[in-house]
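See structure below.
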Amino acid sequence: MTGELRVLPIRGIGEVRPGDDVAAVLVAALSASGQGLMDDDVLVVSSKIVSKAEGRTVAAAGRDEQITAESRRLVAARRTPGGLARIVEAAAGPVMAAAGVDNSNVAPGTVLLLPADPDASARTLRAALFALTGRRLGVIVSDTAGRAWRDGQTDFALGCAGLAPTEDLRGSDDTHGQRMEVTIRAVADELAAAADLVKGKLTGIPAALVRGSGGFVLPVDDDGPGAAVMLRPAATDWFRYGQVEAVRWALGLDPAAVEAPTVPAGPVLDRLLRAVEVALAAPSPLPGVPAPGCVVNVEEQGVFVVPELPADPVALGALAQRLAAAAWSEDLTVTITLEPRGLRLLPSAG
């Protein structure tokens, strides 16, 4: 790194259509604005124009069907005023909202999919840019995603080529001589996020040039491992499911078998009814003991009674624990008491 980073918007790109040469479009836009490429520059290009050039537009009235088709695994789902929102493992690789399927800045009645292989798209674009300019460049195909624990969205490297996507600082000593053991900088993501500050979502500027990060740009004949190496494997993924989905899996229930919770959270009674449905929907966790036949009665003040309970005290205790766990996934705590006619559940918001 030079110690100074410059991020320059690439204006004048215009609408990209299927079959367009994105490299030629970028070079022409740079030339028209009086800019030229230098060795070790990094071009950050929105996945949207790459997808448009690759013909990844699909005729569709809405996104739901395409989101399902582009999803490998459901992580979390919530019902919102605008419909069902899903966080999924996308076919393109990352975990993100709606599998990256987008219906903004496209013609009505169509949706746009992510590039099928974002790293391959980045490699193709890098090769084409080298053929046009002879410059040693890094290329990032960027997209936007939210982050766990943080409000707001940021751009990240969906694909990259000619760039070391991470910098492993483990084993190095800090300024106090202490050994760093876990720090791996997400270089490609940081460059993508920096570029987004000048690209913008509403200004029609889908690409940016980042200058000063040459220490991470690789030789012309080395495309690097791509952004796919930044995807956390399942074995080290501590947050593979959302809170609700993890509880439903643990209770032996397909997370999609019961209606997804709402955002914002709905009335306490609605949430408790859904929790009871989850607790009773899955098979009995006890070998040889059938799932109890239960009836749910709604009483005053949100009290639920589940009669026709199994006589076996272990099965009864298991049912009580299932009810408590399902209620927790709805951000509720419940007081469960055993009465002659069944279990009495008194909910309170968590």
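Starting from one equal scatterer on each C-alpha and no solvent at all, send me the Debye-based log10 I(q)/I(0) for region 118-232 at q = 0.15, 0.21 Å⁻¹, two decimals.
Normalising to I(0) and taking log10 leaves -0.72, -1.19.
Relative to the longest principal Cα axis of the chain, at what angle does helix 22-32 sit, 0 to 90 degrees, rounded to 10?
50
Through the Karplus equation 6.51 cos²θ - 1.76 cosθ + 1.60, θ set to phi - 60°, convert the phi angles of region 86-95 into ³J(HN,Hα) values in whole Hz; use x for Gly and Pro.
The phi angles translate into 10, 9, 9, 7, 6, 4, 6, x, x, 8 Hz.
Measure off 7 Å from each Cα along the Cα-to-Cβ vector at Val296 and Arg78, then give the distance between these two points in nanometres to one decimal.
Each label point is offset 7 Å from its Cα along the Cβ direction, giving 2.1 nm.
Hey, can you find the accessible area per residue of the chain for me, probe 1.4 Å, expressed in square angstrom?
On the way: 17900 Å² over 350 residues.
Ligands and nucleic acids excluded, the figure is 51 Å² per residue.
Please list, ordered by chain and number, the residues whose modelled amide H lies under 5 Å from the amide H of Thr262; skip anything fewer than 5 residues away on the same chain.
HN-HN under 5 Å from Thr262: Arg79.
Grab the other residues whose beta carbon is less than 9 angstrom from that of Ala85, score K and R as +1, D and E as -1, and report the net.
Values: positive: Arg78, Arg79, Arg86; negative: none.
Net of charged neighbours comes to +3.
So, in nm, how far is label Val182 from label Glu15 when the simple model puts each one 7 Å beyond its Cα toward the Cβ?
The two pseudo-label positions are separated by 4.9 nm.
Given R₀ = 35 Å, what would the calculated FRET efficiency be for Ala246 paired with Ala32, taking r from the Cβ atoms and rounding to 0.05? Kindly include the intermediate steps, with their values, before the conclusion.
On the way: r = 52 Å, r/R0 = 1.48.
After rounding, the FRET efficiency stands at 0.10.
Please list the non-local residues whose amide H lies under 5 Å from the amide H of Leu343, H modeled 1.01 Å from N, same-chain partners needing a gap of 5 or more.
Excluding prolines and chain starts, which carry no amide H, the hits are Val306.
Nearest 0.05, what FRET efficiency do Arg341 and Trp238 give at R0 = 45 Å with Cβ-Cβ as r? Don't skip to the end; give the middle numbers.
On the way: r = 42 Å, r/R0 = 0.94.
After rounding to 0.05, the efficiency reads 0.60.
Which order do the peptides 23-33, 92-102 come out in when sorted by mean C-beta neighbours inside 10 angstrom, highest first? Walk me through the intermediate numbers first.
Details: 23-33: 17.6, 92-102: 22.5.
For the peptides 23-33, 92-102, the packing ranking is 92-102, 23-33.
Semi-axes of the equivalent ellipsoid of region 180-241: what are they in whole Å, largest first, if each equals the square root of 5 times a C-alpha gyration tensor eigenvalue? Mind showing how you got there, number by number?
Numbers: eigenvalues 129, 72, 30 Å².
Those come to 25, 19, 12 Å.
Of all the accessible heavy-atom surface of the chain, with the other protein chains kept in place and a 1.4 Å probe, what percent is carbon and sulfur?
On the way: 9680 of 17900 Å².
Here carbon and sulfur together make up 54 percent of the probe-accessible area.
Order of 248-254, 44-50, 313-319 by packing, highest average Cβ count within 10 Å first? Present the calculation step by step, with values, prior to reporting the outcome.
Numbers: 248-254: 17.0, 44-50: 26.0, 313-319: 15.1.
Going from most to least packed, we get 44-50, 248-254, 313-319.
Can you tell me how much longer the chain between Ala127 and Ala85 gets when fully stretched, taken as 0.36 nm per residue apart minus their C-alpha distance, in nm with one decimal?
11.4 nm is the gain from fully extending Ala127 to Ala85.
At 0.36 nm per residue, and after removing the present C-alpha to C-alpha distance, how many nm does the segment from Ala60 to Leu231 gain when stretched out fully?
Working: separation 171, 0.36 × 171 = 61.56 nm, distance 2.94 nm.
Computed gain between Ala60 and Leu231 is 58.6 nm.
At 222 nm, what value in deg cm²/dmol follows for the chain if DSSP H runs of at least 4 each add -39500 (n - 2.57) and the sum is divided by all its residues, to the nearest 500?
-8000 deg cm²/dmol
Would you compute, for the Cα atoms of region 77-174, the largest minus smallest coordinate along each principal axis and list the three values in descending order, in whole Å?
That works out to 49, 43, 20 Å along the principal axes.
Give the long-range amide H neighbours of Val95: residues separated by 5 or more places, or on another chain, with amide H under 5 Å away, using H modelled in the peptide plane at 1.01 Å from N.
Ala90
Tell me the angle of helix 313-329 to the major Cα principal axis of the chain, expressed in degrees between 0 and 90 and rounded to the nearest ten.
So the inclination is approximately 40 degrees.
The values are calculated or read from the model by the stated rules, or taken from the named source; none is laboratory data. Everything quoted here is computed from the prediction, not taken from an experiment. When we count neighbours, we look across all protein chains shown, and the Cβ atoms used for this are built from the backbone with ideal geometry, even at glycine. Only protein heavy atoms, including side chains, enter the accessible area calculation; ligands, DNA and RNA are left aside. Shrake-Rupley method; radii C 1.70, N 1.55, O 1.52, S 1.80 Å.
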